[in-house]
Structures are given as C-alpha cells and as structure tokens.
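Participant: Below you'll find the structure I mean.
The values are calculated or read from the model by the stated rules, or taken from the named source; none is laboratory data. Fair warning: this is a prediction, and the values are worked out from it, not measured in the lab. Reconstructed Cβ throughout: ideal geometry from the backbone, glycine too, with neighbour counts over all protein chains shown. All accessible areas refer to the heavy atoms of the entire protein, side chains included, with ligands and DNA or RNA removed. Shrake-Rupley method; radii C 1.70, N 1.55, O 1.52, S 1.80 Å.
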Amino acid sequence: MQSVQPHIRIGTHMTQARYAVLPGDPKRVGAVAHWLDRVEELTFNREYRSIRGWIDDDVEVIVMSTGMGGASTGIAVEELNRLGITTLIRIGSCGALQSGIQLGDIVIAAGAVRDDGASAAYIDKGYPAIPDPELLCALMHTADELKLPWHCGRIRSHDSFYTDREEEIDRYWSGKGILAADMETSALFVIGGLRGMRTASILNVVVEHEGDLKQGINNLVAQEDACALGEEREIRLALEVIRTDAQRLAR
C-alpha cells in the first residue's frame, strides 16, 4: 500500500485524497486545474497525467487522465483504489445516439451497455454497469442547479471506432433508446463496483447523432465553441458534486 503504483506512478505518501476526477485526455487535466486551488503536478507516465488540488482549500482531489478505452481505465481504477481513493467521477466525451442531443450537452450515464472487453475480463456480463445511486442523483440535481443542458440515461461503451459495422451497430443501439457511446464508462462502473468504489460518469457530447465522427473529434481537439463549453460544464458539474458530497459526509 505504501509503494508507488506501477503505472500511474503515485504513492500514498503523495496524497490523502478520497476523490478523483478522471478525464480521458491528458490535456483535460490542465483544464480542470484552473478550477482548483493549490494545484500540484504529480506525475505523467504513459497516458496517466495526474495533479492534485483542493476545492475551496478544503477538499483534496486527484485529477488523472485515463487514456482511451476500458483497459487503461481499468488500470487507473485499480491503482487509485490501492491509494485509498473511494470516489471516481469520469469527465469524458461521447457521441450522441439520439436526435435532440446537441454538441456541448452533458450526458449523465445511468448505466452502460457492456460492449467493452475490459469489464468482461473481470466478470460475466450479467453484472450491471451502473453508477453509485447517490452520486447519480447528486449529478442530476446539481446539473439543474447550474442550469446545464443535460440528459440522463443508458449509454454504450465499446472498444473501436473503426469496425466494418459501426453505422449498423449505432443504429441498433439508438433504436433501443441508448443515449450515447463512449469507450470507458462500462469499465469504470464494473471494476469500481467490484472494488467497492463509488463511481459516476459525465460525458460531453462531441458528435451529434448521425454526425461525422472524424469531424467531431477534430472539433474537440480544436476547442470549437460548443465542445469547449461542454468540457467546462462537465468540469464544473463534477467539482460541485464533490464539494457538496464532501460537506454532506462531514456532517
């Protein structure tokens, strides 16, 4: 427990945080830093860039990128668990699978279709990929308070953008009422759940339903207005929920 974790390169001597915010993209770690006090760079190894900071100089938070996909997310979950982190909130991106969900809108995942390999490596697919119910309720309540454009429902997590059946698969899950697709939420929910951690996932819509995937990704990288605003929204939402959750638990 005292040693430095092999992939994320953080040890228990470096933090006493119980909360972690998990963007996929290492660049998004820097975006979160602007919203924290007393920020300290921790490590940057492989896809795992990490900082620590405080909310209102009171609640310590780790912010760490997970990279793309369930496998690297699973490693992050396991090693953060060994550090004593108890609560994980993903802030990621997604493609919408329903009409009416706009670029920059927030999707709060109430559950995930387990089309990823990482969660299947742990347990049969009958095990549900669901968030912590208290965090889920807090996210919806806080999104309303912040007047964010948000949607809550089931999403799909998968392993590739480029199979020969992507359009067919998207149409299938869209027809089943799935709101959006990402690559990490299922692994976060399943592995975190198996380890007794509290998890939640907030997603910024970067591709609209039947939009162009390549163009959507390019828009995010270029920080076009709608997607950049969505990133800010998910950061604000995650940190506000952590602040109120810590206050509640301290009572």
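Participant: So for 161, 44, 189, what's the accessible-area order with a 1.4 Å probe, most first?
Facilitator: 44, 161, 189
Participant: Please report, as a whole percent, how much of the solvent-accessible surface of the chain comes from carbon and sulfur atoms (probe radius 1.4 Å).
Facilitator: After summing per-atom areas, the C and S share lands at 50 percent.
Participant: Then there's this: Restricted to Cα positions, what overall size does the stretch 116-213 have along the principal axes? Three whole-Å values, descending.
Facilitator: That gives 39, 36, 19 Å along the principal axes, largest extent first.
Participant: So how compact is the stretch 4-105: Cα radius of gyration and Dmax in angstrom?
Facilitator: 14.0, 48
Participant: How fast does the stretch 154-208 diffuse by Stokes-Einstein, in µm²/s, taking the Kirkwood radius from C-alpha pairs at 25 °C and 0.890 mPa s?
Facilitator: The diffusion coefficient I find is 197 µm²/s.
Participant: Below 11 angstrom from the Cβ of residue 105, what's the summed charge of the other residues (Lys, Arg +1; Asp, Glu -1)?
Facilitator: Residues close to residue 105 contribute a combined charge of -1.
Participant: I want the local charge near residue 48. Using Cβ-Cβ distances under 15 Å, sum +1 for each Lys or Arg and -1 for each Asp or Glu among the other residues.
Facilitator: Summing Lys and Arg as +1 and Asp and Glu as -1 gives +2.
Participant: Semi-axes of the equivalent ellipsoid for the stretch 3-56, please: Cα gyration tensor eigenvalues, times 5, square-rooted, ordered largest first, whole Å.
Facilitator: Taking √(5λ) for each Cα gyration eigenvalue gives 18, 15, 8 Å.
Participant: Considering only DSSP beta bridges where both residues belong to the chain, give the percentage that are antiparallel (nearest 5).
Facilitator: Given both bridge residues lie in the chain, the antiparallel proportion sits at roughly 40 percent.
Participant: Oh, and also: Can you give me the Rg/Rh ratio for the chain, using Cα atoms for both radii and the Kirkwood formula for Rh?
Facilitator: 0.94
Participant: Enumerate by residue number the GluC sites (Glu not before Pro) in the stretch 139-173 meeting two conditions: DSSP loop (anything except H, G, I, E, B), and at most 14 other Cβ atoms within 10 Å of the site's Cβ.
Facilitator: none
Participant: Which whole-number percent is the relative contact order of the chain (Cα, under 8 Å, 6+ apart)?
Facilitator: About 24 percent, as a whole number.
Participant: If you roll a 1.4 Å probe over the heavy atoms of the protein chains, what accessible area per residue do you get for the chain, in Å²?
Facilitator: I get 45 Å² per residue for the chain.
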